[in-house]
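Below: one structure, written as structure tokens.
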Amino acid sequence: MRILSLTHGPLVRAELFGDVVRAEGHDLEEWSVVDDAEPPRPVEEYDAFFVFGGHMNVDQEDEHPWLRAEDELIRELVARRVPLFGVCLGGQLLAKAAGAHVGPSPEREAGFVPVTLTEEAARDSIFGTLPQVFDVFEVHEYAFHVPPGAVELARSRVCSQAFRLGDSAWGIQFHPEIRVEQVATWLRSDPSLPARDAVVAELRNRIEEWQEFGAALCRSFLAAARRTDSSFSVPGTAPTP
């Protein structure tokens, strides 16, 4: 498959997911939507899409006008049932494009937090064999509501953490693609998070298990993307945290 990664800055790229995609034998190309008006090739030539994070928020379209074009693209991909996986800001952009509210989270989440699967997650091709409760790594101040007609897959105490829209698009609030130094750089410039050193230290201690989870989650999406539209909802190989 040829996959396009939509990025919103040099510190929010495919990272671990890029390693997995290439190891699985697929082609991964990157489009910095902040810097470039057009992707490397027409979007119709890609088989699947990742949409990653960023420091901006979905409601800052006046400050970041490219958000409007990205919103239109995501709507188009959903309508065409092109496989798409949105991470953090990417998940929020997918939710917004599908008509859901996205705004400040009731609480900021930073570090590992427990999430619980919904009953519907058991029938999902990516989340279907995960344990009922597991930890995910978060760094976010905004959160999404579940779009109309979408299926919520996981929640934390604070907010929704994952949903599936239709049979080919997934949005998540957490970060399974990260590396330690990447996160350390994010938080170094964020004095509003007093516990940032502790957050990075815990990530460093747990990075091996977390990257195993992230790699398996990515492989599950790739497997779903390879299936025909009619078989996306059939549970397949899913990661264990």
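The values are calculated or read from the model by the stated rules, or taken from the named source; none is laboratory data. Because the structure is predicted, anything quoted here is derived from the model rather than measured. Positions of Cβ are backbone-derived with ideal geometry, glycine not excepted, and every protein chain shown enters the neighbour counts.
Quick check on my filter: what residues within the range 166-200 are polar (S, T, N, Q) and touching a strand residue (DSSP E or B) at 6+ places or on another chain (Cβ under 9 Å)?
Scanning the range 166-200 gives S168, Q173, S192.
Could you give every pair whose Cβ atoms fall below 9 Å, whose first residue belongs to the range 1-24 and is over 23 Å from R227 (Cα atoms), and whose second residue is of a type in the set (K, R) and modelled with pLDDT of 95 or more, counting only separations of at least 6 or pairs across chains?
Pairs that qualify, where the first residue is over 23 Å from R227 (Cα atoms) and the partner is of a type in the set (K, R) and modelled with pLDDT of 95 or more, are T7/R13; E15/R179.
Go through the range 73-83 and give me each residue that's free of Cβ contacts under 8 Å to residues at least 12 places away in the same chain and either within 17 Å of G9 (Cβ to Cβ) or in a helix (DSSP H, G or I) (or both).
A79
Search the range 44-64 for residues being touching a strand residue (DSSP E or B) at 6+ places or on another chain (Cβ under 7 Å) and not in a loop (DSSP other than H, G, I, E, B), and hand back the single one that is nearest to R227 (Cα to Cα).
A48
Under the condition of being in contact with a Lys or Arg (Cβ under 8 Å, 6 or more places away or on another chain) and exposed (fewer than 13 other Cβ atoms within 10 Å of the Cβ), which residue from the range 11-60 is farthest from S189 (Cα to Cα)?
Filtering the range 11-60 for residues that are in contact with a Lys or Arg (Cβ under 8 Å, 6 or more places away or on another chain) and exposed (fewer than 13 other Cβ atoms within 10 Å of the Cβ), the one farthest from S189 (Cα to Cα) comes out as E45.
Of everything in the range 1-38, what is in contact with a strand residue (DSSP E or B) (Cβ under 6 Å, 6 or more places away or on another chain), part of a loop (DSSP other than H, G, I, E, B) and among the β-branched types (V, I, T)? Give them in sequence order.
V33
Starting from residues that are hydroxyl-bearing (S, T, Y) and either within 15 Å of the chain's Cα centre (by Cα) or surrounded by 22 or more Cβ atoms within 10 Å (Cβ to Cβ) (or both), keep the ones in the range 123-179 and report whichever is farthest from G54 (Cα to Cα).
S125
Could you give me the residue pairs with C-beta distances under 8 Å whose first residue belongs to the range 85-105 and is free of Cβ contacts under 8 Å to residues at least 60 places away in the same chain and farther than 15 Å from L67 by Cβ, whose second residue is outside any loop (DSSP other than H, G, I, E, B) and of a type in the set (F, W, Y) wherever it lies, and which are 6+ apart or on separate chains?
Once the first residue is free of Cβ contacts under 8 Å to residues at least 60 places away in the same chain and farther than 15 Å from L67 by Cβ and sits in the range 85-105, its partners that are outside any loop (DSSP other than H, G, I, E, B) and of a type in the set (F, W, Y) give A100/F144; H101/F144; P104/Y142; S105/Y142.
Within the group A14, A48, A95, which residue is among the small types (G, A, S) and more than 27 Å from L193 (Cα to Cα)?
A48
Quick test for you: out of V146, V158, V151, pick the one residue that is touching a helix residue (DSSP H, G or I) at 6+ places or on another chain (Cβ under 6 Å) and over 18 Å from G214 (Cα atoms).
None of the other options fit; the residue is V151.
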